[in-house]
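In what follows, a single structure is set out as structure tokens and then discussed.
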Amino acid sequence: MGISKSTLSDWLSDMPLSSEQIRLLRDLNPKRIERFRETMRRKREVRLKEAYERAKKDIGVLSRRDLFIAGLYLYWGEGTKSDRGAIAISNTDPQVLQAFLNWAEILHIPKEKIRTRLHLYSDMDVKRETRYWSEILEIPVEEFRKPYIKNSTLTGLTYKNGYGHGTCNLRFENMPLWEYITMALKYMRELHIRP
């Protein structure tokens, strides 16, 4: 109509909107909803960046001892403890497995002695998933054992954070080292017991 909003506002000031009209304009306006989402996303990013910087400052640089203890906690939570003589971990998160490999290096476990096996679904591309894990963990494809294939499909399953590449198992056999880790975990449990 070529009339400014201020003029329309003045003309229509005696014509109040119904509560339904206000709700439609306020609550169901797609542009408003999108602006709100974007505002909340930006606020969340600022909060997360601040939390990251605070955590980074609090943690600082990790010593070899810090990494050794962090590895024990990782193994305590995620590692295989009932298979005598086997130091093993299974996970869908490549970074958890990379942390395990870093810990294995501290324990002087040769990377080429670690056996790698994938657990996949029948509708997954075995070669593609093997290449994926090989690149991420820097383990040659030739060192992977025959994968375990579950006779079901990914259909209906949800993978949060993009972990849709099956489960990777890393395993090393060494009885003296298994006994050492088992006793280290026993000691750590004792540290957590309150008198």
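No lab work stands behind these numbers, since they all come straight from the coordinates. Model, not experiment: these values are computed from the prediction. We place every Cβ from the backbone using ideal geometry, glycine too, and count neighbours over all the protein chains shown.
Observations
- C-alpha long axis of helix 175-192 to longest principal axis of the chain, angle in °: 50 degrees
- For segment 93-158, the alpha-carbon radius of gyration amounts to 1.23 times the rule-of-thumb value 2.2 N^0.38 Å expected for a compact globular protein.
- Only the Cβ atoms of Lys and Arg (+1) and of Asp and Glu (-1) were treated as charged; on that basis the dipole of segment 1-60 about its Cα centre amounts to roughly 520 debye.
- When the listed pairs Lys56/Lys186; Lys57/Lys81; Lys5/Lys43; Lys111/Lys146 are checked against a 25 Å cut-off, the alpha-carbon distance exceeds it for Lys56/Lys186; Lys57/Lys81; Lys5/Lys43.
- Förster radius 25 Å - calculated FRET efficiency between Gln95 and Asp125 (Cβ-Cβ, nearest 0.05): 0.65
- Mean ellipticity per residue at 222 nm, deg cm²/dmol - from DSSP H runs of n ≥ 4 across the chain, formula -39500 (n - 2.57): -17500 deg cm²/dmol
- Label-to-label distance for Ser152 and Arg37 is 3.2 nm, based on points extended 7 Å past Cα in the beta-carbon direction.
- Exposure proxy order (Cβ contacts within 10 Å, fewest to most) of Asp93, Asp123: Asp123, Asp93
- Extension gain from Asp83 to Tyr52, taking 0.36 nm per residue of separation minus the Cα-Cα distance: 7.4 nm
- Helix 126-137 axis, angle to the chain major axis (alpha carbon atoms, nearest 10°): 80 degrees
- Rg ratio for segment 1-103: its Cα radius of gyration over 2.2 N^0.38 Å, N being its residue count, equals 2.21.
- Taking all pairs of distinct alpha-carbon atoms in segment 1-60, Kirkwood radius in angstrom: 15.5 Å
- Take every pair of alpha-carbon atoms less than 8 Å apart whose residues are at least six positions apart; their mean separation over the length of the chain yields a relative contact order of 24 percent.
- As a rough guide to protection, the peptides 142-148, 102-108 ranked by mean Cβ packing within 10 Å, highest first, stand as 102-108, 142-148.
- Whether segment 44-149 is rounded, prolate or oblate, judged on the alpha carbon gyration tensor where a/c under 1.5 counts as rounded: oblate
- Ellipsoid semi-axes in whole angstrom, largest first, where each is sqrt(5λ) of the Cα gyration tensor of the chain: 54, 25, 16
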